[in-house]
1. Among (1) in contact with a helix residue (DSSP H, G or I) (Cβ under 8 Å, 6 or more places away or on another chain); (2) over 28 Å from Ile155 (Cβ atoms), which single condition is Gly65 missing?
2. Among the residues of region 40-48, is there at least one that is in a helix (DSSP H, G or I), touching a helix residue (DSSP H, G or I) at 6+ places or on another chain (Cβ under 8 Å) and in contact (Cβ under 8 Å) with a residue 60 or more places away in the chain?
3. If I go through region 85-101 residue by residue, how many of them are touching a Phe, Trp or Tyr at 6+ places or on another chain (Cβ under 6 Å) and closer than 16 Å to Ser14 by Cα?
4. Residue by residue through region 62-117, note down the ones that are more than 13 Å from the chain's Cα centre (by Cα), open to solvent by 10 Å² or more (accessible area, probe 1.4 Å) and charged (D, E, K, R).
5. Return only the number of the condition from (1) exposed (fewer than 15 other Cβ atoms within 10 Å of the Cβ); (2) touching a Lys or Arg at 6+ places or on another chain (Cβ under 8 Å) that Glu46 does not satisfy.
6. Would you confirm, using the coordinates I've provided, whether Ala123 is of a type in the set (Gly, Ala, Ser), open to solvent by less than 40 Å² (accessible area, probe 1.4 Å) and in a helix (DSSP H, G or I)?
Amino acid sequence: SMGVRSAVGSKTLSYKEVKEGSPVWKWLLDERGLLPETVRKYRVGEQATKDGRSLVVFPYFDSSGNLVRMKFRDIEDKKKQFQLPKIADKGQYVYGAPKLLFGWQVIDEDTSGIALTEGELDAMSAYQNGIKALSVPEGAQRTTNDESSPHDAWIEHDFDAMEQFLDIVLAMDDDEPGNAARDAIIPR
């Protein structure tokens, strides 16, 4: 007989935190200007591919501290990136496959203001310059200005958690996608 399938899956995510001296570590510090304590605070990870490429892993924790999404990016080629879990596989995972902000791991209950950046590296750079920051999950994207845009899905996911902030500074790039994202985010 067929087994009963639960509505929520049983899979969880895991990754290896970046090792000091590895190619990803050197890229984060030497090329991207991050400090070791910033890399550790954001709990950045790494993964080697079968063909020997090095991927940085940006772990997405929800505001309760659960690892719910990971973004992988080739350190040599920004175009080679992907996220897990895939939306199609959300039923297999305990936390589904939500789109959410990156950086909740540096936010505590006393944090009253944040910057909202276009990328994980931007959020980490802001942090090491004294500004607590979260990043939108997929950079600035042209949106349709409605609730169904996948690039705005993080707003629904993190809306309640963001109520603790008295100040939210949008730190998007000053280009067309950044301006479009700003115009879509502010009213929401």
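1. It is condition (2) that Gly65 fails.
2. Initially, region 40-48 is screened for residues in a helix (DSSP H, G or I), giving 40-41.
Adding the requirement that they be touching a helix residue (DSSP H, G or I) at 6+ places or on another chain (Cβ under 8 Å) leaves 41.
Among the residues that remain, those that are also in contact (Cβ under 8 Å) with a residue 60 or more places away in the chain are: 41.
The answer is yes; a qualifying residue exists.
3. Of all residues in region 85-101, those touching a Phe, Trp or Tyr at 6+ places or on another chain (Cβ under 6 Å) come to 85, 99-101.
When the remaining residues are screened for being closer than 16 Å to Ser14 by Cα, the result is 85.
Residues flagged as touching a Phe, Trp or Tyr at 6+ places or on another chain (Cβ under 6 Å) and closer than 16 Å to Ser14 by Cα within region 85-101 amount to 1.
4. Glu76, Asp77, Lys78, Lys79, Lys80, Lys86, Asp89, Lys90, Asp108, Glu109, Asp110, listed by residue number.
5. Of everything listed in (1) exposed (fewer than 15 other Cβ atoms within 10 Å of the Cβ); (2) touching a Lys or Arg at 6+ places or on another chain (Cβ under 8 Å), Glu46 misses just condition (1).
6. Values: of a type in the set (Gly, Ala, Ser): yes; open to solvent by less than 40 Å² (accessible area, probe 1.4 Å): yes; in a helix (DSSP H, G or I): yes.
Spelling it out, Ala123 is indeed of a type in the set (Gly, Ala, Ser), open to solvent by less than 40 Å² (accessible area, probe 1.4 Å) and in a helix (DSSP H, G or I).
The values are calculated or read from the model by the stated rules, or taken from the named source; none is laboratory data. This is a predicted model, so every value here is computed, not measured. Don't worry about glycine lacking a Cβ; one is built from the backbone with ideal geometry, like all the others, and counts go over all protein chains shown. Side chains are part of the model used for accessible areas, which takes the heavy atoms of the whole protein and leaves out ligands, DNA and RNA. Shrake-Rupley method; radii C 1.70, N 1.55, O 1.52, S 1.80 Å.
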